[in-house]
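The structure under discussion appears below in the form of structure tokens.
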Amino acid sequence: KNFKKFTLKIVITDYYRLFKESKVFKTKWEKAYILQRKEEDELLKGYKKNLREDINRAKRNNLIFRELNEKDLKNFYDIYLFTIKKIKAKPLPLPFIKNLYEKLKKQNLSNFYGVFKDENLLSGLIVLYPDKKTALAFIQGTSKNGYSLNAPPFLFHNTILYEFRRGIEIFSFGAVPDKKETLIFFKEKFGAEEYNYPVFIWHNPWYIEE
């Protein structure tokens, strides 16, 4: 039999005082970047000048923002793989992406957004809803042509606006992996606030049968 090793990782933002002296859990601080709900004019004022210019260029390129449907998932996965290879990360499998759509979207726990040019998907984003007030940018992918047409900033800008207009109060860009300064720079262009939170890691390994 084959067994896979796991390390348990627990994120508890409200109970740091209970775990900070723990001898079982190791505390590691991670960073996330968040935006609090604003009207569009105020939101744009917080953007870097070059980000506003990129969004305007995308508009001039006649890019279209809309929700993705089930037929778009394969194309989304293809551009996700292209992006993952660029940042040298390990991709999630396609069945996992499909499950997010089929199971979580029906329960209003996730949504899928995309930017198109002439019906071609240039950039896509999966958003998760950990609670009723928060939208979390989870997985994003962009094609080679999408980068040249400024699809990513256009995608994030419209996603943020859409989420705020439907009542979301906090948009989170998520945590930043170590040594990914370009991702930090991208998030800071939106005027996102840095948010530090503790992660508690239990290092005793446990195994499950594959």
- [ ] Could you check how much of the accessible area of the range 35-79 is carbon and sulfur, as a whole percent, using a 1.4 Å probe?
- [x] 41 percent
- [ ] Note down the accessible area of Arg37, probe 1.4 Å, to the nearest 10 Å².
- [x] 130 Å²
Task: Lys187, Lys38, Lys88, reordered so the largest accessible area comes first (probe 1.4 Å) - done: Lys88, Lys38, Lys187
TODO: For the range 32-93, report the accessible area per residue in Å² (1.4 Å probe, heavy atoms, rounded to an integer).
DONE: 67 Å²
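The values are calculated or read from the model by the stated rules, or taken from the named source; none is laboratory data. Since the structure is predicted, the reported quantities are computational estimates derived from the model, not experimental observations. Protein only, heavy atoms only, side chains kept; ligands, DNA and RNA dropped before computing areas. Shrake-Rupley method; radii C 1.70, N 1.55, O 1.52, S 1.80 Å.
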